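The values are calculated or read from the model by the stated rules, or taken from the named source; none is laboratory data. As the structure is a prediction and not an experimental result, all values here were calculated from the model. Using ideal geometry, Cβ is built from the backbone for each residue, glycine included, and neighbour counts are taken over all protein chains shown.
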Amino acid sequence: MLLKVENLNVFFKGKHVLKDVSFDVERNEIFSIVGESGSGKSTIAKAIMGLIPYQGIIERSAKDIFMIFQDPGNYLDPLFNVYSQIIMVKEAVKESAGMDIDKAINLVGLDVEELKRKYPHQLSGGQKQRVMIAMSLARGSSLVIADEPTSSLDVLIQKDVLCAFKNMKDYFSSVVITHDIDVVYYIADRVMVLKDGVVQEISKKDDFFKSPKSEYGKRLLESFY
């Protein structure tokens with residue numbers, strides 16, 4: 001087990017944002033958190049990364065946790081070529097046992113020489129997402145948290161990014177946060193349904209799509225299909 005969350009509670013400006021959220025993430029697993037905007041999905045990610053105060057228990061046994069935010073372009077420096085930034089991310093980890101940088105870049109379907117020439121503004125949204133995945137490989141991360149990784153991408157590019165995550169299961173586990181049921185169907189092993197900061201159900205992906213346990217899960221599926 002790479003991550004265990006027990007009775008996670010978050011308060012913000014007097015509002016109870018997350019209410020006793022509990023789940024775990026296994027090795028070589030894609031765990032998806034799905035729910036409407038404002039349900040608390042991104043708040044869970046921020047708590048796991050230690051970016052906000054929280055109450056409860058978060059056990060992190062993953063040797064390195066890497067987060068990919070909604071718009072990765074905001075986290076790439078416009079003054080440096082993309083390849084040099086992957087080097088910097090790798091070198092930020094002491095005694096990194098991560099993958100060779102060129103191998104990581106090739107594994108996510110990007111071109112090494114192109115990334116040595118190009119700056120972030122010259123890449124598409126899908127390419128930036130795959131650069132972030134390459135960074136996680138180069139660092140040797142065993143858990144990657146991706147917050148709405150396909151929300152701003154065209155349909156065909158979305159598929160490329162989701163394929164990249166599926167192909168990385170031998171290298172790291174993923175927590176994929178999304179409001180899109182189609183993303184869950186394509187990528188997840190297990191799914192947690194969240195509404196108003198409360199877990200409605202946790203199920204294997206196939207079980208969820210065949211017979212959701214919660215009324216909200218049923219309504220969520222009906223809204224898409």
Residue 42 passes all but one of the listed conditions (1) in contact with a Gly (Cβ under 8 Å, 6 or more places away or on another chain); (2) in a helix (DSSP H, G or I); the exception is number (1)
task = Evaluate the range 56-76: report whether one residue or more is part of a loop (DSSP other than H, G, I, E, B) and under 27 Å from residue 222 (Cα atoms).
result = yes
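When only residues in the range 151-161 that are surrounded by fewer than 21 Cβ atoms within 10 Å (Cβ to Cβ) and of a type outside the set (Lys, Arg) count, which is modelled with the highest pLDDT? Let's see the steps before the verdict.
Taking the range 151-161 first, the residues surrounded by fewer than 21 Cβ atoms within 10 Å (Cβ to Cβ) are 151-157, 159-160.
Subset that is of a type outside the set (Lys, Arg): 151-157, 160.
Values: 151: 80, 152: 73, 153: 76, 154: 76, 155: 75, 156: 75, 157: 80, 160: 85.
Restricting to residues being surrounded by fewer than 21 Cβ atoms within 10 Å (Cβ to Cβ) and of a type outside the set (Lys, Arg), the top hit is 160.
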If we keep only residues of the range 79-134 that are farther than 17 Å from residue 157 by Cβ, acidic (Asp, Glu) and modelled with pLDDT of 95 or more, then the residue surrounded by the fewest Cβ atoms within 10 Å (Cβ to Cβ) is 113
Out of (1) out of contact with any Pro (no Cβ under 7 Å at 6 or more places or on another chain); (2) crowded, with 21+ Cβ neighbours inside 10 Å; (3) in a helix (DSSP H, G or I), the one residue 144 does not meet is (3)
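Please find, among 17, 34, 10, the residue that is touching a residue at least 40 places away in the same chain (Cβ under 8 Å), on the phi < 0 side of the Ramachandran plot, of a type in the set (A, V, I, L, M, F, W, C) and in contact with a Gly (Cβ under 7 Å, 6 or more places away or on another chain).
Details: 34 fails: in contact with a Gly (Cβ under 7 Å, 6 or more places away or on another chain); 10 fails: in contact with a Gly (Cβ under 7 Å, 6 or more places away or on another chain).
Result: 17 is the single residue among 17, 34, 10 that is touching a residue at least 40 places away in the same chain (Cβ under 8 Å), on the phi < 0 side of the Ramachandran plot, of a type in the set (A, V, I, L, M, F, W, C) and in contact with a Gly (Cβ under 7 Å, 6 or more places away or on another chain).
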Counting only residues in the range 52-64 that are at pLDDT 95 or above and among the aliphatic types (A, V, I, L, M), the one surrounded by the fewest Cβ atoms within 10 Å (Cβ to Cβ) is identified as 57
Listed by first then second residue, the pairs whose first member lies in the range 210-225 and is without any contact (Cβ under 8 Å) to a residue 40 or more places away in the chain, whose partner is in a loop (DSSP other than H, G, I, E, B), with beta carbons under 7 Å and at least 6 positions apart or on separate chains, are 218/212
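Are any residues in the range 2-21 under 19 Å from the mean Cα position of the chain (by Cα) and not in a strand (DSSP E or B), and if so, which ones?
2
For residue 207, state whether it is closer than 23 Å to residue 104 by Cβ and either in a loop (DSSP other than H, G, I, E, B) or of a type in the set (Asp, Glu) (or both).
Numbers: closer than 23 Å to residue 104 by Cβ: no; either in a loop (DSSP other than H, G, I, E, B) or of a type in the set (Asp, Glu) (or both): yes.
So residue 207 fails the test.
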